[in-house]
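Reviewing the structure listed below.
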Amino acid sequence: YHLTPHPSPSLRLELCRPMSFTLSTIRPDESNIVAQLIHRGLAVWYEDRLGQGERFGTEWEPFLIFPEVYEVLDPGGSIVARDESSGQLIGVCFVHPRETHHSVGIVVTAPEAAGRGVAKAMVSQAIADARAASKPVRLVSSLLNLDSYSLYTRLGFVPGAVFQDLLFVVPESGLAIEAPVGVDQVRLARADEAAALADFEMSLQGIRREGDYRFFLGNTVSLWRVLVSENRDGEMNGVMVVSLNPAMPMLGPGVTQDAETACALVWTALSELPGKSYVLLAPASQSDLIQTFYSWGARNVELHVSQVCGDAPVQRGIGFPTFLPESG
């Protein structure tokens, strides 16, 4: 999610005052403050614009997963904005350097700081850091938020693939769907396969992030399951990561050579999640795959788009991004 919240009427008078801020990084003792900011920013924006603030619940504690995960992956790599007069945290932007690119993760501005250029300053800093490393910047943003979409395109991001956020609700009794072709070729990834998984993704998508796969396989912060599909010759043809943390019930990131492999991986993942509701970001261009997921009971809950600032590799296969860690 990437949000620059729209100020509610009660805040507009306050927003008329100039707000000066500085950019820095998250301090070790600020995880709770960051989680509260993320929760409040998301809930206010979705309620103000879409009447859906309740989708993020009333508790901020689940959002601790963001500072916790990114601090393990990229210690000190976040960008935060602080009000100069009060020192209050008014914005956060998670940045994730990878071998081939930098990714911008969740971006949230405090509602009372909306319209003051906070998000623009943080993302601009992320772009500058990536350019200093001679790498492009990638992200996945909500198409429901035209403020964010406009911000990113003004800063030079070019939109690419559109993804449908598909919600799967698995019955307590398990999937009542016939197993698709290829499920017998799906297995759990081995602990020593991070490099192989990164090489496979690189071969299809042109991006590499071995550290992410090492993180998933190591389960350092949360619970993750990594599924691998192999063809009859024993060659890798798909991978799908499953988050088992209740704060982030998503399938992905993932990449497959074809739709058949994607179906096998998604079915296998869902079959192990009875009574759970999970979201998968599936490329809208894969119409036959989308139709299959509809037949499984999936329904659309949002739309996202991948965006790149800088060179974008030609991508093959089917990619399934996620929000943590960001995988645009």
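Tabulated results
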read-out	value
Residues of region 119-128 satisfying the condition of being open to solvent by less than 70 Å² (accessible area, probe 1.4 Å) and over 21 Å from S85 (Cα atoms)	V123, S124, A126, I127, A128
Pairs, first in contact (Cβ under 8 Å) with a residue 60 or more places away in the chain and farther than 20 Å from G76 by Cα in region 114-142, second of a type in the set (D, E, K, R) and open to solvent by less than 70 Å² (accessible area, probe 1.4 Å), C-beta under 7 Å, six or more apart	V140/E326; S142/E302
Selection within region 226-266 - modelled with pLDDT of 95 or more and among the charged types (D, E, K, R)	E230, E235, D258, E260
So I38, is it crowded, with 22+ Cβ neighbours inside 10 Å and not in a helix (DSSP H, G or I)	no
Boolean, G254 is under 18 Å from the mean Cα position of the chain (by Cα) and either on the phi < 0 side of the Ramachandran plot or surrounded by 15 or more Cβ atoms within 10 Å (Cβ to Cβ) (or both)	yes
Single residue of region 270-288 satisfying the filter (of a type outside the set (D, E) and farther than 19 Å from V242 by Cα) that is surrounded by the most Cβ atoms within 10 Å (Cβ to Cβ)	Q286
Residue match in region 13-21 (condition: modelled with pLDDT of 80 or more and basic (K, R))	no
Members of region 204-223 that are in contact (Cβ under 8 Å) with a residue 60 or more places away in the chain, under 13 Å from L73 (Cα atoms) and in a loop (DSSP other than H, G, I, E, B)	R209, T220, V221, S222
Region 46-66, subset of a type outside the set (S, T, Y) and in contact with a Gly (Cβ under 8 Å, 6 or more places away or on another chain), residue surrounded by the most Cβ atoms within 10 Å (Cβ to Cβ)	F66
First in region 254-274 and under 23 Å from P171 (Cα atoms), second anywhere and part of a loop (DSSP other than H, G, I, E, B) and of a type in the set (D, E), Cβ under 8 Å, 6 or more apart	P274/E172
Any hit, region 238-246, residues being without any contact (Cβ under 8 Å) to a residue 40 or more places away in the chain and in a loop (DSSP other than H, G, I, E, B)	yes
Region 162-187, subset surrounded by fewer than 18 Cβ atoms within 10 Å (Cβ to Cβ), small (G, A, S) and in contact with a helix residue (DSSP H, G or I) (Cβ under 8 Å, 6 or more places away or on another chain), residue nearest to K276 (Cα to Cα)	G174
Single condition R190 does not satisfy, out of (1) buried (at least 18 other Cβ atoms within 10 Å of the Cβ); (2) more than 30 Å from D311 (Cβ to Cβ); (3) at pLDDT 95 or above; (4) not acidic (D, E)	(1)
Any hit, region 24-35, residues being modelled with pLDDT under 90 and touching an Asp or Glu at 6+ places or on another chain (Cβ under 6 Å)	no
Condition met for A130 (in contact with a Lys or Arg (Cβ under 6 Å, 6 or more places away or on another chain) and under 28 Å from V241 (Cα atoms))	no
Hey, Q315 surrounded by fewer than 19 Cβ atoms within 10 Å (Cβ to Cβ), modelled with pLDDT of 95 or more and not in a strand (DSSP E or B) or not	no
Close pairs from region 53-79: first within 15 Å of V34 (Cα to Cα), partner open to solvent by 40 Å² or more (accessible area, probe 1.4 Å) and part of a helix (DSSP H, G or I), Cβ under 6 Å, at least 6 apart	W60/Q36; I79/Q125
Answer from A259, A264, A247, A198 - the residue that is under 24 Å from Q315 (Cα atoms) and under 18 Å from the mean Cα position of the chain (by Cα)	A198
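The values are calculated or read from the model by the stated rules, or taken from the named source; none is laboratory data. Keep in mind the model is a prediction, meaning the values are calculated, not measured. All Cβ positions, even for glycine, are placed from backbone atoms using ideal geometry, and neighbour counts span all protein chains on display. Note: accessible area is taken over every heavy atom of the protein model, side chains too, but ligands, DNA and RNA are not part of it. Shrake-Rupley method; radii C 1.70, N 1.55, O 1.52, S 1.80 Å.
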